[in-house]
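These notes concern the structure reproduced below.
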Amino acid sequence: LGCRLDNVALAPVLKAADSLLAPAFAGRESAAAADRLHARLRGATLAVLAERMGALLLSTADRTDRLLGLAMDEAGCGYAVLSDMPKTAVLELARWRNANQPAGSRGPAGRVVPERVLARRLKAETPAGLPPVEALDDLLAGLLDGGLSPADLAGRGHAAETVETVWRLVVQAEAGRRRAPLG
């Protein structure tokens with residue numbers, strides 16, 4: 001594609017952040033907080049690089065993640081290319097592209113999205129009690145696009161507690177969506 005590819009080692013920054021916060025994390029479960037910190041440091045690094053190079057930083061958050069507030073803080077991103085695509089559609093599109101090369105495309109033939117990336121996106125961090133991504137996308141589409149009632153969703157196989165949990169997450173995520181990059 002003619003893209004410049006740089007490899008920036010973040011290990012020293014992550015190690016320094018872990019050392020800096022070790023006293024605050026002492027005696028507390030810190031794995032999730034450390035993971036979020038690492039993701040934010042990677043995002044901040046990408047944002048600074050994009051700004052310095054005059055480039056547009058793209059968000060990888062899909063519709064499912066944005067609706068539920070699961071997308072990491074992406075304030076440094078300029079555009080969210082997947083913001084209107086449910087996670088299941090993103091995964092289907094990536095698998096299709098791995099098996100096909102559109103005529104006239106500039107990308108390489110064959111696999112362009114590694115299977116480990118697809119597997120990670122499929123089981124992305126979701127709060128406990130939520131259904132698999134296929135059911136979750138169906139539930140979100142029913143709630144937000146189809147105007148279905150909880151009874152209608154129950155008829156499609158969704159438990160009332162799950163519908164309530166998902167709706168609560170959607171409402172709680174509203175402020176974050178307003179700060180998210182355009183898509």
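The values are calculated or read from the model by the stated rules, or taken from the named source; none is laboratory data. Since the model is a prediction, treat every value here as computed from it, not as a measurement. In this analysis, Cβ positions are derived from the backbone assuming ideal geometry, glycine residues included, and neighbour counts consider all displayed protein chains. Ligands, DNA and RNA are excluded from the accessible area calculation, which covers all protein heavy atoms including side chains. Shrake-Rupley method; radii C 1.70, N 1.55, O 1.52, S 1.80 Å.
Given a Förster distance of 35 angstrom, what is the FRET efficiency for Val13 paired with Ala89, based on the Cβ-Cβ distance and rounded to 0.05? Mind dumping the intermediate values first?
Details: r = 34 Å, r/R0 = 0.98.
With R0 = 35 Å, the Cβ-Cβ based efficiency is 0.55.
Amide H contacts of Ser59: Gly78, Tyr79, Ala80, Val81, each under 5 Å away and 5 or more positions distant or on a separate chain (H built 1.01 Å from N in the peptide plane; Pro and chain starts excluded).
Between Asp145 and Ala44, the modelled labels are 3.7 nm apart [label points 7 Å from Cα along Cα→Cβ]. The charge dipole of the chain, taken about its Cα centre with unit charges on the Cβ atoms of Lys, Arg (+1), Asp and Glu (-1) only, comes to about 700 debye. With Cα atoms as the point set, the radius of gyration and Dmax of the chain evaluate to 18.8, 57 Å.
The residues of region 39-183 expose on average 61 square angstrom of accessible surface per residue, using a 1.4 Å probe on protein heavy atoms. Computed on the Cα atoms alone, the convex hull of region 1-58 gives a volume of 97 cubic angstrom per residue. For the chain, the fraction of 1.4 Å probe accessible surface lying on carbon and sulfur atoms is 58 percent.
Values of log10 I(q)/I(0) for region 95-183 across q = 0.13, 0.20, 0.21, 0.22 Å⁻¹ run -0.64, -0.99, -1.03, -1.06, by the Debye formula with one identical scatterer at each alpha carbon and no solvent.
Considering the dipole of region 126-183 built from charges on the beta carbon (Lys and Arg +1, Asp and Glu -1) around the Cα centre, which of Leu144, Gly183, Val166 is farthest to its positive end? So the residue we want is Gly183.
Taking all Cα pairs closer than 8 Å and separated by 6 or more residues, the relative contact order of the chain comes to 24 percent. For the peptides 161-173, 56-68, 9-21, the ranking by packing is 56-68, 161-173, 9-21, with the highest mean count of neighbouring Cβ atoms within 10 Å listed first. Per-residue 3J(HN,Hα) values for region 165-175, derived from phi via the Karplus relation 6.51 cos²θ - 1.76 cosθ + 1.60 with θ = phi - 60°, read 4, 5, 4, 4, 5, 4, 5, 5, 7, 4, 4 Hz in sequence order (x marks Gly and Pro).
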